[in-house]
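Participant: I'd like to ask you about the structure that follows.
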Amino acid sequence: GHYIPAISHKIYLENKKANGLTIHLEGVAIGNGMTHPEEQYKWYPLMAFNSSTAPSRVSEKEYKEMLDAVPGCVEAIRKCNKAGGIPCTKAFFQCNRALFTPYQSKDLNPYDMRQKCEHPPLCYDFS
C-alpha cells in the first residue's frame with residue numbers, strides 16, 4: 001500500500017487549503033493490498049505450491065525456481081525502499097515475473113486460488 005495512503009493524505013492537505021475545490025473523503029479501502037512486499041513475496045512460492053485451501057497451482061520445478069528467485073526479489077524491494085523511483089519499477093517487474101507469472105500464466109484467479117479466472121483481467125464480471 002504505497003499509493004492509497006499517499007493519495008489520501010494529499011487530498012486531506014489540499015482540502016485544508018480550501019481553494020474552492022474540495023474532495024469529500026470520508027475514508028479509503030485497500031482491497032488485497034501489498035502492504036509489506038518484502039514479507040509477502042517470500043510466501044508466493046509456498047502458497048502456489050502447497051496452499052491449505054487449493055490444489056497445487058505450480059509444478060515442483062516452478063516452485064523451486066520461484067524459491068530461488070525470492071532472495072533477489074527481496075533485495076530489489078530493499079533497494080526500492082531506500083531509493084524509490086526506478087529501483088521500485090525494477091523490483092515490481094523482477095518480483096512479479098519470477099514469483100507471480102508462474103501462477104498467473106495458468107489463467108487462475110489471483111483472489112481465489114480454487115478458481116479459474118473467468119473474466120480476465122480482473123477475473124470477475126463487473127458489468
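The values are calculated or read from the model by the stated rules, or taken from the named source; none is laboratory data. All figures in this text were calculated on a predicted structure; none of them were measured in a lab. Glycine gets a Cβ as well: all are built from the backbone with ideal geometry, and neighbour counts include every protein chain shown.
Participant: Go through the residues of the range 23-37 one by one and say whether even a single one is out of contact with any strand residue (DSSP E or B) (no Cβ under 6 Å at 6 or more places or on another chain) and assigned to a helix (DSSP H, G or I).
Facilitator: Yes, because at least one residue in the range 23-37 is out of contact with any strand residue (DSSP E or B) (no Cβ under 6 Å at 6 or more places or on another chain) and assigned to a helix (DSSP H, G or I).
Participant: Within the range 48-64, count every residue that is in a helix (DSSP H, G or I) and either farther than 16 Å from R97 by Cα or not assigned by TED's automatic domain parsing to the domain that holds L99 (or both).
Facilitator: Here the count works out to 3.
Participant: Against the condition in contact with a helix residue (DSSP H, G or I) (Cβ under 9 Å, 6 or more places away or on another chain), part of a helix (DSSP H, G or I) and of a type outside the set (V, I, T), how does A69 come out, does it pass?
Facilitator: yes
Participant: Every residue in the range 14-49 that is over 26 Å from F93 (Cβ atoms), free of Cβ contacts under 8 Å to residues at least 12 places away in the same chain and surrounded by 11 or more Cβ atoms within 10 Å (Cβ to Cβ), please.
Facilitator: Those that are over 26 Å from F93 (Cβ atoms), free of Cβ contacts under 8 Å to residues at least 12 places away in the same chain and surrounded by 11 or more Cβ atoms within 10 Å (Cβ to Cβ): E14, N15, T22.
Participant: Further question on the same structure: Considering the range 9-22 alone, what residues qualify as being in a loop (DSSP other than H, G, I, E, B) and out of contact with any helix residue (DSSP H, G or I) (no Cβ under 6 Å at 6 or more places or on another chain)?
Facilitator: Across the range 9-22, the qualifying residues are A18, N19, G20, L21.
Participant: Please go through the range 71-127 and pick out each residue that is under 16 Å from F49 (Cα atoms) and among the aliphatic types (A, V, I, L, M).
Facilitator: A98, L99, L108, M113
Participant: Another question, then. Confirm whether P87 is at pLDDT 90 or above, out of contact with any Cys (no Cβ under 9 Å at 6 or more places or on another chain) and of a type outside the set (A, V, I, L, M, F, W, C).
Facilitator: no
Participant: Then there is this: Name the residue, out of F100, F92, that is in contact (Cβ under 8 Å) with a residue 40 or more places away in the chain, within 20 Å of T35 (Cα to Cα), surrounded by fewer than 19 Cβ atoms within 10 Å (Cβ to Cβ) and among the aromatic types (F, W, Y).
Facilitator: Checking each option against the conditions leaves just F100.
Participant: Exactly one condition in (1) in the same structural domain as Y3 (by TED's automatic domain parsing); (2) within 25 Å of Y3 (Cβ to Cβ); (3) not β-branched (V, I, T) is not met by A91; state its number.
Facilitator: (1)
Participant: Take A6 and tell me if it is small (G, A, S) and either touching an Asp or Glu at 6+ places or on another chain (Cβ under 7 Å) or part of a loop (DSSP other than H, G, I, E, B) (or both).
Facilitator: It is false that A6 is small (G, A, S) and either touching an Asp or Glu at 6+ places or on another chain (Cβ under 7 Å) or part of a loop (DSSP other than H, G, I, E, B) (or both).
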